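Below is one structure; the comments refer to it alone.
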Amino acid sequence: MEQDEIYLIDLWRIFIREWKWFAGVLVLTLVCTYAFAHLVKRQWEASAWIQIAQVGQVPSGQDPKVEPLARVLERLQLVPFQNEVMAGAGFSPESAQAKLYRKSLKLEPLPYAGPLIRLNVRAYSRQQARQFAAATVAQLHALHRRLEALPLNSARARLARVEADLQTTLADQARLQQAATIENGRAGNSRGAASPVLASLLLADKNEEVRALQQARSDLIDRLGPAYTYETSLMWPVYVPDRQAFPNPELTYGIGMLLSLFLGASAAIARNVARRRSPGR
């Protein structure tokens, strides 16, 4: 304990003797921190939640999503895709904005929420950050729209065939209904009962076929509705906080203060060591 007290007293004497060095380095570090906080380019961060397109009516066992979640994540991280996004936003791939976009792009998969993808990207203004996030979703939407064209057209063609079959079956049902009515009328005036029974059986089969086609049509309409079939889009509007993401004033000045104290103390101790080693001291 006594050695610690002596060491602390000696350290205090060093700071008293070399206070100019301590204060000078401390002030210089704080000035550099202030200059950094005010001269560095400010950055804002935008957050977007992407919903992946899907077609509700697909062959059994096939994923209704136009593209699997893992593949979408890989696509978004491809440099050519990112350059296309920047080109669509009006920036060259070598511009400072494009470099910041590629460097700051972060993706977080949310497999149990849709699935969704959370995208974070930075820019040199709030408006630009929002623009970059929206441009990314727009580029992905254009790609997925081409991918979903084939399964969507196939599902719509199937719905059209079911509609046509239903109309034909309804016409057959009406004819059988009319024929059964006529046969029942004839059966009341004759002893033969085979024809009315046959007509009733045919009508029952046709009624069952109509119900099956109506159920298939209803299921297809539901599957092609907005609850099961939709395009790649923003789940919610792009969010950009009012405060800048970089530099963080509180964090910058806090680190600057700690660094200035450390460097000031180091300078004072180093100056004291140099003074002792110099001849004539």
Check: In debye to the nearest 20, how big a dipole does the stretch 23-175 give about its Cα centre with +1 on each Lys and Arg Cβ and -1 on each Asp and Glu Cβ?
Finding: 440 debye
Note to self: What aspartates and glutamates does K99 reach when the alpha-carbon gap must be under 15 Å and sequence neighbours fewer than 8 apart in one chain are set aside?
What the structure shows: E45, E84
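Loop-only check: which GluC sites (Glu not before Pro) in the stretch 1-110 are DSSP coil with at most 11 other Cβ within 10 angstrom? Intermediate values should be presented prior to the final figure.
Values: sites: E2, E5, E18, E45, E74, E84, E94; in loops: E18, E94.
In loop regions of the stretch 1-110 (DSSP not H, G, I, E or B), the sparsely surrounded GluC sites (Glu not before Pro) are E94.
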Item checked: L170, L220, L258, ranked by accessible area, largest first (probe 1.4 Å) -> L258, L170, L220
Next item on the list: Go ahead and collect, in residue order, the members of the stretch 124-163 whose backbone nitrogen is under 19 Å from a label point 7 Å along the Cα-Cβ direction of Q62.
Entry: 143-162
Check: Using a cut-off of 25 Å between alpha-carbon atoms, which lysines can reach K106, once sequence neighbours fewer than 8 places away in the same chain are excluded?
Finding: K41, K65
Notebook entry, point to check: Which whole-number percentage describes the relative contact order of the stretch 1-153, with Cα contacts under 8 Å and a sequence gap of 6 or more?
Noted result: 29 percent
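Let me spell out the model: positive unit charges on the Cβ of Lys and Arg, negative unit charges on the Cβ of Asp and Glu, origin at the Cα centre of the chain. What dipole size does that give, in debye rounded to 20?
On the way: 34 positive and 25 negative charges, 263 e Å.
Result for the chain is approximately 1260 debye, rounded to the nearest 20.
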Item checked: the stretch 38-84 shape via C-alpha gyration tensor axes, a/c threshold 1.5 -> prolate
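Once Rh for the stretch 107-157 is found with the Kirkwood sum over Cα pairs, what is the Stokes-Einstein diffusion coefficient at 4 °C and 1.567 mPa s, in µm²/s?
Values: Rh = 13.1 Å.
Diffusion coefficient, whole number: 99 µm²/s.
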Notebook entry, point to check: Using a Förster distance of 41 Å, how high is the FRET efficiency between F36 and Y112, based on the Cβ-Cβ distance and rounded to 0.05?
Noted result: 0.50
Notebook entry, point to check: Short version: ³J(HN,Hα) in whole Hz for each residue of the stretch 123-129, in order, from phi by Karplus 6.51 cos²θ - 1.76 cosθ + 1.60 (θ = phi - 60°), x for Gly and Pro, what are they?
Noted result: 8, 8, 7, 5, 5, 5, 4
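Quick one: with all protein chains in place, what share of the accessible area of the stretch 39-140 is carbon or sulfur, to the nearest percent (1.4 Å probe)? Could the numbers behind the result be given before it?
Values: 2590 of 5020 Å².
Of all accessible area on the stretch 39-140, carbon and sulfur atoms account for 51 percent.
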Notebook entry, point to check: What base-10 log of the normalised intensity I(q)/I(0) is obtained for the chain from the Debye formula, alpha carbons as equal point scatterers, at q = 0.12 Å⁻¹?
Noted result: -0.90
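Set the Förster radius R0 to 25 Å, insert the Cβ-Cβ distance between L234 and R161 as r into 1/(1 + (r/R0)^6), and round the FRET efficiency to 0.05.
Numbers: r = 35 Å, r/R0 = 1.39.
The calculated FRET efficiency here is 0.10.
The values are calculated or read from the model by the stated rules, or taken from the named source; none is laboratory data. Just so we're clear, the structure is a prediction, and the values are computed from it rather than from any experiment. Cβ coordinates were reconstructed from backbone atoms using ideal geometry, including for glycine residues, and neighbour counts include every protein chain displayed. With ligands, DNA and RNA removed, areas are computed over all heavy atoms of the protein, side chains included. Shrake-Rupley method; radii C 1.70, N 1.55, O 1.52, S 1.80 Å.
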